[in-house]
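Shown next, in structure tokens, is the structure this report addresses.
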Amino acid sequence: MSDFFDIGYVFEAIPKLLSYLHITIEILVLSIFFGLILGIIIAVPRLYKIPILKQIATLYISFIRGTPILIQLFLIFYGLPVLVGMIGIDITRMDAFIFVVITYTLSNAAAFAEIFRAAIQSVDYGQAEAAQSIGMTGWQTFSRIVFPQALRVAFPNIASTSISSLKDTSLAFSIGVMDMMGRGDTLITATMNALEVYVALAIIYYVIVLLLEYGYKFIERYLNRYLVKEAI
């Protein structure tokens, strides 16, 4: 470990870490994409109070919310091969990257399910009744009346969850995925400049978060400006 802080090494480490940024972004994008789809599927039983499925969805969301993401990561990494091995499928050689995407997808899905459920329930049901009274089908009512308003309500929470998920991806290296944090760990081992590497990582993550926040605010303004008009 260095006896003094080497600011020069911070700027030397940043390009080395950035060369692995695409791994972090891939984990984020894939887990958000599949998490949104799975989240909608999980929200349906709770919205329509489907027996048994509603209880399963509620238990699933409660479990995900009540356990740390790191524990979920290890449960999937070590538990999934055992589970599917019971039916004769061997995934022990599967890339750790896939286990990470599965874990963050399942974690994000629980959050998105609650976000979608609350957003849809926030839309006044009288509007749906009015739309159906003038001859609109259930799908037309949902796509033109309910969904645009629900999306506006849900989007800030979706953005917040996405940003939190980005920061959570820093744990992927714990099962061997060579992302930015994994690369940072190898740099620390090679140079012993731990503080400098962590400062470089902090700078990178902070800049990415700022860019995401700016992008999400732009999209939110677009939604607020145009979706209401389209609904009308």
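Residue under question is Met178, and the condition is that it be farther than 24 Å from Val101 by Cα and not in a helix (DSSP H, G or I); does it hold? Against the criterion (farther than 24 Å from Val101 by Cα and not in a helix (DSSP H, G or I)), Met178 does not qualify. Among Ile50, Ile87, which is the only one that is over 23 Å from the mean Cα position of the chain (by Cα), among the hydrophobic types (A, V, I, L, M, F, W, C) and loosely packed, with under 12 Cβ neighbours inside 10 Å? Answer to the selection: Ile87. Test Thr58 against the stated conditions and say whether it is assigned to a helix (DSSP H, G or I) and touching a residue at least 24 places away in the same chain (Cβ under 8 Å). Here the answer is no, as Thr58 does not meet what is asked. Being aromatic (Phe, Trp, Tyr), open to solvent by less than 60 Å² (accessible area, probe 1.4 Å), under 23 Å from Thr169 (Cα atoms) and not in a loop (DSSP other than H, G, I, E, B) is the requirement here; does Tyr78 meet it? The answer is no for Tyr78. Looking across the stretch 2-31 at every residue that is in a loop (DSSP other than H, G, I, E, B) and in contact (Cβ under 8 Å) with a residue 24 or more places away in the chain, the one that is nearest to the chain's Cα centre (by Cα) is identified as Tyr20. Give the number of residues within the stretch 178-204 that are within 25 Å of the chain's Cα centre (by Cα) and surrounded by 15 or more Cβ atoms within 10 Å (Cβ to Cβ). Qualifying residue count for the region: 14.
Only one entry of Ala118, Ala150, Ala113 meets the criterion of being closer than 21 Å to Leu38 by Cβ, in contact with a Gly (Cβ under 6 Å, 6 or more places away or on another chain) and either in a helix (DSSP H, G or I) or without any contact (Cβ under 8 Å) to a residue 40 or more places away in the chain (or both), and that entry is Ala113. Being charged (D, E, K, R) and under 17 Å from the mean Cα position of the chain (by Cα) holds for only one residue in Asp168, Asp124, Asp95, and it is Asp168. When you check Ala200 against the structure, is it part of a helix (DSSP H, G or I) and within 16 Å of Glu26 (Cα to Cα), yes or no? Considered against the rule, which asks whether it is part of a helix (DSSP H, G or I) and within 16 Å of Glu26 (Cα to Cα), Ala200 comes out as no. For the stretch 143-155, taking the residues that are under 12 Å from Gln121 (Cα atoms) and either touching a Cys at 6+ places or on another chain (Cβ under 9 Å) or among the hydrophobic types (A, V, I, L, M, F, W, C) (or both), the one that is most open to solvent (accessible area, probe 1.4 Å) is identified as Phe147. For the stretch 1-14, a residue qualifies if it is open to solvent by 80 Å² or more (accessible area, probe 1.4 Å) and modelled with pLDDT of 90 or more, and the qualifying residues are Phe11, Glu12. Note on the stretch 166-186: residues that are over 13 Å from Ile69 (Cα atoms) and among the polar types (S, T, N, Q) amount to 1. Residues considered: Phe97, Phe34. Of these, the only one that is aromatic (Phe, Trp, Tyr), touching a residue at least 24 places away in the same chain (Cβ under 8 Å) and open to solvent by 80 Å² or more (accessible area, probe 1.4 Å) is Phe34.
The values are calculated or read from the model by the stated rules, or taken from the named source; none is laboratory data. Please read these numbers as outputs of a predicted model, since none were measured by experiment. Cβ coordinates were reconstructed from backbone atoms using ideal geometry, including for glycine residues, and neighbour counts include every protein chain displayed. For the accessible areas, the whole protein counts, side chains as well, though only heavy atoms, and no ligand, DNA or RNA atoms are used. Shrake-Rupley method; radii C 1.70, N 1.55, O 1.52, S 1.80 Å.
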